[in-house]
Amino acid sequence: MPAQTATPAPARGGRVSRLSQLTVPSMPQSVASTAAKSSFSQAPSTALVPPPPLAVKKDPKLANNWKTKTPAELSDAEVIAMPDDEYMNDKQMAFFRLKLAELKRGILENAGETTEHLREDTVVVPDPADRATIEEEHALELRTRDRERKLLKKIEQSIQRIDAGDYGYCDETGEPIGVGRLLARPTATLSLEAQQRRELKQKMFGD
């Protein structure tokens with residue numbers, strides 16, 4: 001029986017996957033599957049190439065709302081809907097500055113509350129179990145505040161990047177980080193692809 005050749009389907013980026021180019025003679029399905037898996041496993045490893053990020057869905061009805069609203073009045077959806085050629089214009093910069101300032105204010109308020117809690121709980125508790133519980137709660141709260149202290153430093157650096165006009169662009173590639181990623185992580189300095197590459201290298205080389 002003549003061999004059947006599968007028509008290769010173009011993969012993302014215009015490339016044709018190696019598996020789709022395989023010519024597998026007619027044979028039982030289980031055998032064909034084994035042969036295909038064996039050939040595919042011999043393809044060069046592409047572990048350092050992260051998958052492309054999903055595009056952020058824009059609502060076209062909101063595309064022009066930014067023109068008539070102040071940065072404080074804009075919603076996340078309206079900022080996402082802004083045209084690509086308006087990326088990091090003055091209004092977007094002001095919008096993210098407000099986001100960062102609000103995040104900073106919340107962290108400082110939490111730090112003040114932690115100080116009050118520690119001051120209130122200075123009374124010696126006679127019961128060992130209760131004392132251990134209070135100490136564990138204090139330790140957890142202090143660890144949380146330590147993480148927020150590090151985040152506070154990143155917030156300050158992000159505000160400085162806005163002042164310098166560098167905010168919203170990847171430190172490694174210079175490409176736009178993207179509004180969607182910045183809304184999720186306003187202190188981001190790497191694009192999603194660059195961040196994934198860095199994490200993969202850290203896992204592989206422990207850097």
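Some points to look at:
- Taking only the Cα atoms of segment 61-205, the ratio Rg/Rh comes out at 1.13, with Rh defined as the Kirkwood radius.
- Amide H contacts of ALA81 (H built 1.01 Å from N, in plane; Pro and chain starts excluded): ASP59 sit under 5 Å, all sequence-distant by 5 or more or on other chains.
- Amide H contacts for TYR169 (H built 1.01 Å from N in the peptide plane; partners 5 or more residues away or on another chain; cut-off under 5 Å): ILE177.
- Close Lys pairs in segment 61-205 (alpha-carbon distance under 26 Å; sequence gap of 8 or more, or different chains): 24.
- Here the Karplus curve 6.51 cos²θ - 1.76 cosθ + 1.60, taken at θ = phi - 60°, turns the phi angles of segment 156-168 into couplings of 4, 5, 5, 5, 5, 5, 5, 4, 7, x, 9, 5, x Hz, with x standing for Gly and Pro.
Each value in this text was obtained by applying a stated rule to the coordinates, not by laboratory testing. Keep in mind the model is a prediction, meaning the values are calculated, not measured.
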